[in-house]
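A quick write-up on the structure given underneath.
Throughout, read-outs are computed from the coordinates displayed, never taken from laboratory work. What you see is a predicted model; the values in this text were computed from it and never measured. In this analysis, Cβ positions are derived from the backbone assuming ideal geometry, glycine residues included, and neighbour counts consider all displayed protein chains.
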Amino acid sequence: MTSTSTTTATDTRAGNAATVRRRLGEFALVRAGAPILLVLLGLFVSGNAYLVQIATEGLIAYILAASFNVIYGYAGGFNMAHVITYGLGAFTSVYLETHTSLGFWASLAIAVVGTAALSVLVAIPSRRLGEIFLAIQTLAFGLAVSEILVNWQDFSGGTTGLYFIPSPTFFGTTLFGGEASYFWLVAVFAWLVFELMTRIHRSAMRRKFTALRESPRILAAVGLSASGTRLVAFAIAGGLAGLAGALFAHFQLVIDLDTFSFGRLIALLLAVILGGAGYFWGPLFGVVALLVMDELSLATSAAHDLIYGLGILVLVIGTRGGIAGGVQALLSLIKGGRARRSGHPAAAATAADDAGPAVASADDPTRTSADEPVDLEAAAEHAGSAVELVRRRTTSHTLGFDAVTVRFGGNTAVDGASATVSTGEVVGLIGPNGAGKTTLLNTATGDTPMASGQVRFDDVVLGALRQYEVVNLGIGRTFQSPKVIPDLSVVENVMLGGDGRATAGTVRQTLFLPRARGDDRRSREKAMELLSDLSIGHLADRPAGAQTYGVLRMIEIARNLMLDPAFLLFDEPGAGLTELEREEVAQIVRGLSGRGLGVLLVDHNLPLITAACDRIYVLEAGRVIAAGPPAEVFAQENVISAYLGAAR
């Protein structure tokens, strides 16, 4: 590595370390400021009963919107029964309080746990469904529960609802709904929910939810269960919705089924979209905007619907990503201008600091990486050092393809192909377009089912495993076109590869407890070292969706190196790359075999195959027609004929 490269890498690490410290400081400021602002709000409204009502209702609405933002904004699932869950929280808490010896606090806790558990039960049958079918299933569940509630009068009051709901007490003090005392109770819960949202936003859980929303295939490719991640999102969202419902019931003191109708779902969806779905601040901004517009439109009752509708239209159309998206875009422009004036490359690279999904598109000049070019010569010079961060494999393993056949309808894509890859070697898989190379590779990772044959990791048959279980067994892969999560930063995409190997469980990750913070810190440090060794460390905090094709390829490779796999399957890694970038890939591939990993390399670039591979297999029409060292195979007449055609 040259001294210039070393200096650049050092500057990049220093700049990114400063960015991490700044972000931690910003979150600490936000977390400390939230209770202070709530206290100031309480003092401001306490002398006015009407303002107390509005503020209390707004905080409950924030809790409900935050819950919907978890499942819809972060995880990308449209739960049509979410408002029913909200209602069940209300009815459950009231029923337990009035029909049992349980008081408010125990009833509240059971309502929260019960709605979380019910949401998980609803999500279990939909684990493998897409967004539309998920919405249909949850709609059916919501309609069924609504019908049950109408007829279960002891629980819901039927069509007349529930009246004379008792007010909670706290150390002998009655907290009457609609009064300042109840506002303070709701304010405490709103602060706790806000704190939970900050922890989720900082943790691996947000990365998992975002990957679930954008590409469940990537989630499986890093060893994480898409269905399990969806269940966690449903549990969190359901529990928070139940909390909001219980607080709302004791605030209103009168509730009926119309309160939890489809119209409330539309208002909830509007609040999240208006504020910015998937953004940390989105639920808060959306609720405040709706409250303000509602009050303004009520003040001019003659034009109520017109003002309300125009206000929503302007905000949704005028701010991509909702209000939070508009604010973030403005802040990014301001930070970008300051960073460019400062002249520091690391500062310029981290100017697009993100508090939610990326706002601008890839063609937006505020999000391109053209002004931070990658030093390709330096990258090719020391790319091999990145693999030193991968755990050295000292045990021998074999990945075997045994007479694999794959059919798509009447077309046979792979016809009885057999091949083996051992740890410590690089095996190439070549052939003309349509020969079945990627299809054969996909059978190892579970992306493509087999008509016959099997793929083995030693004696373990992979066909019996789920995709994420194959990865956790020790098999990583890249894709023909690099797959990244565009709404995550470059470093977060790489960290996703380490999230499946975290020592903290789901609860610790969600609450971002010390063990989860330790996992996150170690994951970020390793990801930053990988990116720096690949000469793209200066792009670490930029949106991944704004990067060039070559950078996307390096992101994908770095993410796989985070897995510490036994085998890494490369699907045309040299496609679309420059000669220097292909040299970088070749160094990485050879370095991996030197660390004891097995590599299966699919590519059309014969110089890359020759430079990197110990052995190669040649496919034609789904059949293996040659195998052996590259020099010997390329001299065979049938291989020459397959690539160039037979002489006439």
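Note: relative contact order over the stretch 27-117, using C-alpha pairs below 8 Å and six or more positions apart, is 15 percent.
The Cα-based radius of gyration of the stretch 28-79, divided by its Kirkwood radius, gives an Rg/Rh of 1.12. Of interest is the spacing of the C-alpha centroids, which for the stretch 72-100 and the stretch 522-590 amounts to 44 Å. Note on the stretch 48-260: Rg/Rh from C-alpha atoms, Kirkwood Rh, equals 1.00. Placing +1 on the Cβ of every Lys and Arg and -1 on the Cβ of every Asp and Glu, with nothing else charged, gives the stretch 489-564 a dipole about its Cα centre of roughly 220 debye.
Backbone phi angles across the stretch 490-502, fed through the Karplus curve with coefficients 6.51, -1.76 and 1.60 (θ = phi - 60°), yield HN-Hα couplings of 4, 5, 5, 4, 6, 4, 4, x, x, 5, x, 10, 5 Hz in residue order; Gly and Pro are listed as x.
Give the distance, in whole Å, between the Cα centre of the stretch 240-274 and the Cα centre of the stretch 117-149. When both Cα centres are located, 18 Å separates them. For the peptides 84-92, 501-509, 215-223, the ranking by packing is 84-92, 215-223, 501-509, with the highest mean count of neighbouring Cβ atoms within 10 Å listed first. Residues in the stretch 201-216 carry Karplus couplings, in order, of 5, 8, 9, 5, 4, 5, 4, 5, 4, 5, 5, 4, 5, 8, 7, x Hz; the curve used is 6.51 cos²θ - 1.76 cosθ + 1.60 with θ = phi - 60°, and Gly or Pro positions show x.
Find the centroid of the Cα atoms in the stretch 464-499 and in the stretch 596-640, then give the distance between the two in whole Å. Their Cα centres are 26 Å away from one another.
List Y182, Y74 from most exposed to least, where exposure is judged by having the fewest other Cβ atoms within 10 Å.
Y182, Y74
Among the GluC sites (Glu not before Pro) in the stretch 579-610, none sits in a DSSP loop with a Cβ that has at most 12 other Cβ atoms within 10 Å. Around the amide H of G278, modelled in the peptide plane, lie the amide H atoms of G73, Y74, all under 5 Å away and 5 or more residues distant in sequence or on another chain.
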